[in-house]
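The values are calculated or read from the model by the stated rules, or taken from the named source; none is laboratory data. Computed from a predicted model, the values in this text were never measured in an experiment. Please note: Cβ atoms are built from the backbone with ideal geometry, for glycine as well, and neighbour counts cover all protein chains shown. For accessibility, only protein heavy atoms count, side chains too; no ligands or nucleic acids. Shrake-Rupley method; radii C 1.70, N 1.55, O 1.52, S 1.80 Å.
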Amino acid sequence: GHPDLQDLLSSIKGAADTINNAFDECRMVVPCDIAAPLRELPGNDSFADAATLGGIGVEYELENAIGSREEGEGVHAGQPGNRSVWFEWTAPESGYVSIKATGGRFDAVVAVYQGEALDELVEIQDIEKGPAEASFNASEGTSYKIAVDGSYGGHGALKVTILRYGMKVRADGTVRYY
């Protein structure tokens with residue numbers, strides 16, 4: 001064989017042996033049945049405990065990794081997922097708004113509903129959907145339920161933003177109109 005290749009293979013085998021030996025020593029000291037710590041569900045995991053969003057131009061940071069699907073909860077915006085978190089937002093004025101979920105390393109899903117019970121929800125039909133966005137004409141004083149989920153179980157950290165059409169939140173947190 002080639003001497004350089006033999007040296008490389010020997011080095012790799014030596015490294016693997018070192019790792020295996022360290023693992024064997026560790027098993028003697030540390031029990032192998034250590035369980036991962038339990039993580040609590042987010043406070044707004046259930047429809048009944050939806051987090052309240054106020055105003056326009058607001059941002060809410062969330063982690064949906066340990067969100068769950070409730071019994072009787074359907075798919076959101078036609079996308080299968082199982083890590084939903086819920087919000088409630090009452091429109092402070094009438095007008096076209098966009099609700100966006102950004103920052104994730106997965107395909108987020110945003111769906112907007114009206115209704116007071118999970119089994120009575122009606123998805124807003126005059127909605128324009130984009131990637132992780134729902135835009136619609138909101139009515140002043142109307143309460144909307146917002147579900148944020150990950151398509152096909154996607155999960156991670158996100159920001160949910162509610163903006164009036166023509167608004168953008170800058171990186172420094174200020175709002176810009178365009």
Discussion item. Below 12 angstrom from the Cβ of T90, what's the summed charge of the other residues (Lys, Arg +1; Asp, Glu -1)?
Written reply: -2
Worksheet, complete the sentence: Scoring only Lys, Arg, Asp and Glu (+1, +1, -1, -1) among other residues with Cβ under 12 Å from the Cβ of E70 yields -4
Practice prompt. Calculate the spin-label point distance for R164 paired with V58, positioning each point 7 Å from the Cα along the beta-carbon direction, and give it in nanometres.
Written response: 1.6 nm
Fill in: Inter-label distance, nm, simple model (7 Å from Cα along the C-beta direction), I66/Y152
2.6 nm
Discussion item. Could you tell me the calculated FRET efficiency between D119 and T90, based on Cβ-Cβ distance and R0 = 22 angstrom, to the nearest 0.05?
Written reply: 0.55
Worksheet item: In the full protein assembly as shown, how much of R164 is accessible to a 1.4 Å probe, in Å² to the nearest 10?
Response: 70 Å²
